[in-house]
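Values quoted throughout were computed directly from the atomic coordinates according to the rules given, and no laboratory measurement underlies them. None of these values were measured; they are calculated from a predicted model. Heads up, the Cβs are rebuilt from the backbone with ideal geometry, glycines too, and the neighbour counts pull from every protein chain shown.
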Amino acid sequence: MTRVSRPLTPRLLFLLTCALLWGGCAALGTLETADTVPRGKTRLNAQAWVQGVDDGKKPGVLPQVAVSGRAGIADGLDIGGRVSLQGVEGSLKLQLAGRQEGEPFVMSVAPTVGAVLFSHAWEEAEWKSKTQLYAALPLLFAFRSPDGSQLVLGLRPTWMRFEELYDPDIRNMLGLGASVGYAFRVNPGLRVMPELAMLLPVYERVGGSWTQMREEPNLQFGVAFLMDPTR
C-alpha cells in the first residue's frame with residue numbers, strides 16, 4: 001500500500017499495530033484448504049506472507065513466517081494450531097460438505113482464536129510490548145480438481161482487542177475479511193497454495209459505543225506449503 005503523510009488519528013488503529021521488524025499482526029487469511037485432515041492423520045504447513053502497511057512512518061510491507069499443523073479427530077473434524085514470529089493461533093475446522101474425496105465442492109467453517117505480541121522498540125515509552133487478542137469465524141468454499149488441487153474462497157468475520165501506540169485505552173475492532181487462494185497439487189504429499197487476503201475494518205469501540213470506521217482494507221499475500229499424509 002502507498003505511504004502517505006498525514007497526522008496520526010485513532011482511525012489508523014489497525015494499521016499502526018503493524019510495524020516492520022518491531023511488531024506483528026494477525027494473519028488475514030487462512031492459508032489452508034477447505035477439507036479437513038482425515039481422522040487419525042496429521043498435516044504440516046509452512047507459511048510466509050507480507051501485509052500492506054500504511055502508517056506514514058514505516059516501509060509499506062510487513063513480512064511474516066509461520067508453521068502450523070492439523071490433526072484429524074473425527075470424520076469431517078480436525079484441530080490445528082499456528083505459531084508465527086510474534087503470535088500463536090488455534091482453530092477447529094468442521095467440514096460441512098464434500099467429505100468424499102471425489103466430490104467437486106467443499107464447504108467448511110473454522111472458528112479461530114489467537115494472540116499477537118508486539119515489541120515497539122522505536123517508541124520512547126515506559127512499556128515496549130503490547131498484546132492483541134483476536135477471534136475469527138472463517139467460512140471456506142472450495143472447488144476440487146481431479147488431481148486434488150483446490151480453488152479456495154473465504155469469508156472471515158473478525159474481532160480484535162488491542163491497545164493503540166499512543167493511547168493506553170483498550171480498543172476493540174470488528175472487521176470483515178475475504179480471501180482467494182489455489183492449492184496446487186505438486187505430488188501426493190505436497191500442495192503449494194498462494195493466497196490473496198484482505199480485511200476491512202468496519203467498527204471500533206473505545207470504552208463507549210461502537211462507531212463506524214472509514215479506512216482502506218489491509219491486504220496480505222501469502223504462500224503455504226501443505227504436507228499431507230501419503231498413506
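Using R0 = 41 Å, the C-beta based FRET efficiency linking residue 105 and residue 172 works out to 0.70.
Note on the stretch 58-102: Rg/Rh from Cα positions, Kirkwood definition for Rh, rounded to two decimals, is 1.18.
The distance between label points at residue 212 and residue 161 comes to 2.7 nm (points 7 Å beyond Cα on the Cα→Cβ vector).
Rounded to the nearest 0.05, the FRET efficiency derived from the C-beta distance between residue 46 and residue 75 at R0 = 30 Å is 0.65.
Between residue 196 and residue 97, the distance separating the two model label sites (each 7 Å from Cα on the Cα→Cβ line) works out to 2.5 nm.
Anisotropy class assigned to the stretch 179-231 is prolate, per the alpha carbon gyration tensor with a/c at or over the 1.5 cut-off and a/b larger than b/c.
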